[in-house]
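**Q** My questions will all concern the structure given below.
The values are calculated or read from the model by the stated rules, or taken from the named source; none is laboratory data. Bear in mind that the values here come from a model prediction, so they are computed numbers and not experimental data. Cβ placement follows ideal geometry from the backbone for every residue including glycine, while neighbour counts extend to all protein chains displayed.
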Amino acid sequence: MKKSGVLIEVCFVVLSLIVGIIAWSIATPASTNQNGLGDLYTFESEEAFVKAFINRQTMWKGYGDGMSSLSANAEAMPAREGAEPNHSETNIQVEGVDEGDTLKCDGNFIYTVSGNQVIIISAYPAEEAAIVSRIDFGENGSPEDLFIEADRLAVIGSTHDYQAEDEGSDIRPYYNGTFINIYDIAARENPMLVRTIEYEGRYSTSRKIGDNLHLVLTTYPHYRLPDAGEPQWEDIIPLYRDTEADKPGAFQPACDWAKVGSVNPESFTSFVSIVSLSMSGEAGNLNKRVIAGYSDNVYASLENVYLTSTGYPYAYYSNNSEKTTIYKFKLEGTSTTYLSSGEVPGSILNQFSMDESAGYFRIATTVGHVSREGSGSTNNIYILDKNLNMAGKLEGLASGETIYSARFLGDRGYLVTFKKVDPFFVIDLKDPRNPKVLGALKIPGYSDYLHPYDENHIIGIGKNTVEADPGQGNFAWYQGMKIAIFDVTDVTNPKEMHKVDIGDRGTDSYALSDHKAFLFDREKGLLVLPVLLAELTPEQKASGNTQSNAYGQSTFQGAYVYSISLDSGIELKGRVTHLDDEAEIGHSYYYYSSKDAVERCGYIEDILYTVSDSRVLFNSLTGLSEVNRVELAK
């Protein structure tokens, strides 16, 4: 599961923002395009390319990524015939566009990441569930995301190494890269590695459309200043190697310097790459699109992928300064073609702040920064045409607040902003040139994630809130979790139809920040969330220490299983935990670090399965009685 390296990832994000700020402030012009990259800039010469990089790189003493050795050794590791059992799939944003995750299921087998291993479990019937094979990636390999396509398994992960810094070195000692392994799993007991691609850079996200994979990676180039002078362009561009390449054992630049494009070449401190390949095993299908710049969010439709980067020129803390640049690329098989770019005011929250519909791109942004004392922050929706030119806009929503969640569904958009209360906006997007607010609902709390129940009802999960006392500031304290169903049948008068509260301040869930941890099936009337429950102690309540900022003590971690319907609302059926020692849950950090913390849930027919790093539990959906368990540790 994804737990290691969280601090490093945060550092990378912070550094990329700082680099973007500084690079913006010392911009230099680039040459005109010469390589069919639309309006992307390219460099006039190899010397100009190298010089532009050195000018930026010297500010950070050669901070960068690099490649280290990889290993993936499978044990002596059967596919079943017949119809697949009814089963859950990864919760995705766009139908037909799969997203990588630590858990995949094909109805008969479960594929899960546990530590530095990928484990394949025969899962149907549950009474006979057992591990059939393991793929071990060694100490320097960390599998992160999986994809399944027929009898092919794709494993995407990071390789990392730490070396002592040499005296006089111009690079820092931490290196990382990304690997993509493709396995033939026709015999699940014996996965056969058929292809490995290694790429210099940090893995950001991925999508699968049909049998084609598309990965987005960020590379901070590194080099050692040679005594003889400047580096060569080959020392700067991301390196890769592919076991199906002409020279499978050798690292080589992902492209020629002349094929590197950029919308904003002044921020040439990093590269963003879109790496595309087929899982079908066809040779020669690797496509690498390299752009000078960085990307902080990604949205993909069936036909296009959009990369965004937010810049904060000069003064980060000044209002109305952020601008988000959008890069649009056409996806056709494994081919990636740059189409256009655009720019909107503000910054975006995550991938759900973006959407494509009928050729238009919709994006929700926040301009400015929220403080307890109040500020000029505003929230906006922009609609761009196929060339990413402005078609329509709706600005000035919920002044002084910030976007906590967004969802675009057909001709409607749903937006949750927050500072003290939760305005839930219903927005009409039918006319892309004239978006407008249809209705709004103000209630305590906020939703971190919005999910469609049907076309007129939306599920929201987030936190309760209590307004701060007078004198503390103009804000609210978050409390425990909240699940709600919003009724938008009357778009001018949205209502909170049903809700349930979970725990006190400190209660949390992976699903609040990762939609893939959210399990919902309307036909089954099933909603499952991994929850860390925090509750105020009897001593806190007896002493009156129940003020709004008081944290509860952690008392449970596991899956909360609900029945959900429009008639009956949201009813708790029961809970499933992997923690054997109840004393272990007394510290909230176990939620993030314990191998027994439930992170993902799914179902096969009428069996619920819950997954932690330690085990997979199988429980009947009827009464949640345990049917079987599979221990993942050797």
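**Q** With the structure loaded, tell me whether residue 176 is at pLDDT below 95, in contact with a strand residue (DSSP E or B) (Cβ under 8 Å, 6 or more places away or on another chain) and of a type outside the set (Ser, Thr, Tyr) or whether it fails that test.
**A** yes
**Q** Every residue in segment 119-146 that is outside any helix (DSSP H, G or I), under 20 Å from residue 604 (Cα atoms) and touching a Phe, Trp or Tyr at 6+ places or on another chain (Cβ under 9 Å), please.
**A** 119, 120, 121, 122, 123, 124, 129, 132, 146
**Q** State whether one or more residues within segment 64-73 are farther than 30 Å from residue 231 by Cβ and either surrounded by fewer than 17 Cβ atoms within 10 Å (Cβ to Cβ) or modelled with pLDDT of 95 or more (or both).
**A** Yes, there is a match, as at least one residue in segment 64-73 is farther than 30 Å from residue 231 by Cβ and either surrounded by fewer than 17 Cβ atoms within 10 Å (Cβ to Cβ) or modelled with pLDDT of 95 or more (or both).
**Q** Same structure again: Determine if segment 371-379 includes at least one residue that is in a loop (DSSP other than H, G, I, E, B), under 20 Å from residue 488 (Cα atoms) and at pLDDT below 95.
**A** no
**Q** Now a separate question. Return the total of residues in segment 509-520 being farther than 15 Å from residue 575 by Cβ and part of a strand (DSSP E or B).
**A** The number of residues fulfilling the criteria is 1.
**Q** Do any strands (runs of 3 or more DSSP E) lying entirely in segment 420-481 carry at least 2 residues that are crowded, with 22+ Cβ neighbours inside 10 Å, modelled with pLDDT of 95 or more and in the same structural domain as residue 362 (by TED's automatic domain parsing), and which ones are they?
**A** Because the criterion is at least 2 residues that are crowded, with 22+ Cβ neighbours inside 10 Å, modelled with pLDDT of 95 or more and in the same structural domain as residue 362 (by TED's automatic domain parsing), the strands (runs of 3 or more DSSP E) in segment 420-481 that meet it are 422-428, 446-454, 457-467.
**Q** Are any of the residues in segment 593-615 at positive phi, at pLDDT 90 or above and small (Gly, Ala, Ser)?
**A** no
**Q** I'm trying to understand the selection: among the residues of segment 105-144, which are under 20 Å from the mean Cα position of the chain (by Cα), of a type outside the set (A, V, I, L, M, F, W, C) and within 17 Å of residue 88 (Cα to Cα)?
**A** Matches in segment 105-144: 111, 112.
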